[in-house]
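The values are calculated or read from the model by the stated rules, or taken from the named source; none is laboratory data. What you are looking at is a predicted structure, and each value in this text was computed from that prediction instead of being measured. We place every Cβ from the backbone using ideal geometry, glycine too, and count neighbours over all the protein chains shown. Side chains are part of the model used for accessible areas, which takes the heavy atoms of the whole protein and leaves out ligands, DNA and RNA. Shrake-Rupley method; radii C 1.70, N 1.55, O 1.52, S 1.80 Å.
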Amino acid sequence: MKTYQIIKDTIPAGATSHLTSARLKNEYERATGIFFFSESLIENYEDVTCRLTIGDQEIFPKDTDVKLMSYSSAYSRNDAIWDLQNENIPAQDSLLEAYFTNNSNEDVEIKIYVLLEN
């Protein structure tokens, strides 16, 4: 059984370390993939970076370009998803923390899609 958990937030313009956090769904064992989507940045993700951890395990180090894992018209969802299948990342109530930097002049609404499986 698998599903996506969607975590939504707005990253303020000029943010240097904006925290987005959420507990992953308790009824799923593992986080097996992740991607980002932002309607306001759909063709230009260059201004946003992040550091992401799940359950104290670093998934992306500080200053990772969000565009590496972002869905846009140029990539399908399957191409954008960052595969965590072999990483054994626990889901069950694990804390996801994403620290975003937004170098643009506008607030950015972003969605983090986490693929959860049993």
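Structural remarks
- Residue match in segment 100-109 (condition: in contact with a Phe, Trp or Tyr (Cβ under 9 Å, 6 or more places away or on another chain) and modelled with pLDDT under 95): yes
- Tally, over segment 57-74, of residues that are in a strand (DSSP E or B) and modelled with pLDDT under 80: 2
- Hits in segment 75-99 (condition: in a helix (DSSP H, G or I) and either at pLDDT 95 or above or open to solvent by 60 Å² or more (accessible area, probe 1.4 Å) (or both)): Arg77, Asn78, Asp79
- Listed by position, the strands (runs of 3 or more DSSP E) contained in segment 1-53 that have at least 1 residues being surrounded by 18 or more Cβ atoms within 10 Å (Cβ to Cβ) and modelled with pLDDT under 90 are 30-37.
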